[in-house]
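Just below is one structure, and these are the notes that go with it.
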Amino acid sequence: MPNDVGFHMPFPSRIHPGATGARERNLAWVRRMGLVCGEEAQGRYLRSQVAELAARAFPDADDEGIDLGFALMGWFFLFDDQFDTPAGQFPDAAVSACRSLDDVVHTATDPVDGPPIVRSFADLWARMSLGMSPWWLRRTACEWSACLTATVTEAGNRRTGVRPDVDSYLRLRRDGIGVLPCLALSERVGGYEVPASVWHTSVFQKMRVLVCDHVIYVNDACSLEKDEARDEVNLARLLMDHHGWSRPAALAAMRRRADSCMETFLTTERELTSICTRLGLGTGESHRVAAYTDALRTWLRGAHDWHHSAGRYSPDLTTSMSADEPGYLNVEDLSGDSRHRPHGSGHDALLPPCVRQGRQLGASTGG
């Protein structure tokens, strides 16, 4: 079983003590937002245990924070599965919704008449933004833009039959897997923001990338059977095709990559301590850096434990999947609304404004 692949994990396992109550409140929220309506959708949502990732990612959150974490995790996987359409179909409504989602984070749009996936995200963004600085809002909005753009690109690759090479796949997945904007919630829930002087260092950003890569390796190992059933791109499948490796050999290579990530993370963590000393951080700033570093460790362990326990990756669910069926949580159309189509036309119209402007600038300067 791919989800039995063992990864080196030096951090202790933790889970929020109020997970049961948060799960119940989360079910009420997704129903109120129109994300989960019928009995089948509710049953699948609960069996998949997608929102429970929050219990491991935010184990120290207060009630308001853990409810926000459960809501974001549940929303993200419902959003992600909107792109898992039957073979030969393209998720046009979900792709179009990405433009509206980007408007939410960049223009504070309140899509009262939008589809459920957009209205619910507007509710989340308003709660996530509460009390955070303009700088946090700008950088987190850009991380969401990158995530949405990567998701649209992955959908375009599926539509055109493009299978990226390993390096291109990893670059795209670092944005599309959604770890970075979810890490921003760790700051919001923890009541702090990383000092800008530390944020803008290569060592700090390297640690964030290492966490992303480790989560990718764990995710692709645990979701291999699901992706094989749906004929989706997966790092293990790319390694098998590129190197001619067997399935066990590809999984072993992913485990080695993940373990190397972990060792490098531990080394880089010590480098960050030295960077903070050289920056002359005060006590308060040092505590904020320490809080974020702890959040990175918590995400590494929490994502690992959740992947190995969540119903989403259990044999009972994966054996029932096929390329001819929609994704497991894609029971209801949460994205469709003819009033919320992207401005303009073509693929670029679906991309966030900062990306489209960059493309236009590149075209005009020959870059």
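L238 is checked against (1) touching a Pro at 6+ places or on another chain (Cβ under 8 Å); (2) under 15 Å from R297 (Cβ atoms) and fails just one. What number does that condition carry?
Exception for L238: condition (2).
What tally of residues in segment 186-218 results from selecting those that are of a type in the set (D, E) and either farther than 15 Å from A290 by Cβ or not in a loop (DSSP other than H, G, I, E, B) (or both)?
Here the count works out to 2.
Which ones in segment 221-238 are surrounded by fewer than 22 Cβ atoms within 10 Å (Cβ to Cβ) and of a type in the set (A, V, I, L, M, F, W, C)?
A229, V233, L238
Check whether at least one residue in segment 146-160 is in contact with a Phe, Trp or Tyr (Cβ under 6 Å, 6 or more places away or on another chain) and more than 27 Å from I66 (Cβ to Cβ), and report yes or no.
The answer is yes; a qualifying residue exists.
Within segment 73-121, track down each residue that is among the aliphatic types (A, V, I, L, M) and surrounded by 21 or more Cβ atoms within 10 Å (Cβ to Cβ).
M73, L78, A94, V95, A97, L101, V104, V105, I117, V118 - these are the residues of segment 73-121 that are among the aliphatic types (A, V, I, L, M) and surrounded by 21 or more Cβ atoms within 10 Å (Cβ to Cβ).
What single numbered condition from (1) within 22 Å of A323 (Cα to Cα); (2) charged (D, E, K, R); (3) part of a helix (DSSP H, G or I) fails to hold for R163?
Checking R163 against (1) within 22 Å of A323 (Cα to Cα); (2) charged (D, E, K, R); (3) part of a helix (DSSP H, G or I), the one that fails is (3).
Just to be sure, is V289 in contact with an Asp or Glu (Cβ under 6 Å, 6 or more places away or on another chain), more than 18 Å from L148 (Cβ to Cβ) and modelled with pLDDT of 90 or more?
Spelling it out, it is not the case that V289 is in contact with an Asp or Glu (Cβ under 6 Å, 6 or more places away or on another chain), more than 18 Å from L148 (Cβ to Cβ) and modelled with pLDDT of 90 or more.
Checking the condition at pLDDT 95 or above, under 18 Å from A310 (Cα atoms) and surrounded by fewer than 21 Cβ atoms within 10 Å (Cβ to Cβ), which residue from E52, E64, E40, E24 passes?
Only one candidate passes the filter, namely E24.
Give H287, H214, H200 a once-over and let me know the one that is of a type outside the set (A, V, I, L, M) and surrounded by 19 or more Cβ atoms within 10 Å (Cβ to Cβ).
H214
Can you find a residue that is under 19 Å from L185 (Cβ atoms) and out of contact with any Phe, Trp or Tyr (no Cβ under 9 Å at 6 or more places or on another chain) anywhere in segment 84-96?
no
Counting just the residues of segment 122-145 that are basic (K, R) and more than 13 Å from L68 (Cβ to Cβ), which one comes out surrounded by the fewest Cβ atoms within 10 Å (Cβ to Cβ)?
This residue is R138.
When you scan segment 130-168, how many residues do you find that are small (G, A, S) and within 18 Å of the chain's Cα centre (by Cα)?
Total satisfying the criteria: 6.
Taking into account only those residues within segment 87-106 that are out of contact with any helix residue (DSSP H, G or I) (no Cβ under 9 Å at 6 or more places or on another chain) and modelled with pLDDT under 95, which is farthest from W144 (Cα to Cα)?
G88
Only residues that are more than 24 Å from A93 (Cα to Cα), assigned to a helix (DSSP H, G or I) and of a type in the set (S, T, N, Q): list them for segment 129-160, please.
S129, T140, listed by residue number.
Listed residues D84, D123, D102; which is touching a Lys or Arg at 6+ places or on another chain (Cβ under 7 Å), touching a residue at least 24 places away in the same chain (Cβ under 8 Å) and not polar (S, T, N, Q)?
Being touching a Lys or Arg at 6+ places or on another chain (Cβ under 7 Å), touching a residue at least 24 places away in the same chain (Cβ under 8 Å) and not polar (S, T, N, Q) holds for just one of D84, D123, D102, which is D84.
Give the residues of segment 283-324 that are of a type in the set (A, V, I, L, M, F, W, C) and more than 30 Å from V203 (Cβ to Cβ), sorted by residue number.
Within segment 283-324, A310, L317, M321, A323 qualify.
Which residue out of R237, R270 is closer than 30 Å to S48 by Cβ and not in a loop (DSSP other than H, G, I, E, B)?
R237
The values are calculated or read from the model by the stated rules, or taken from the named source; none is laboratory data. Quantities reported herein were computed from a predicted structural model and do not represent experimental measurements. Note that we place each Cβ from the backbone using ideal geometry, even for glycine, and neighbour counts take in every protein chain shown.
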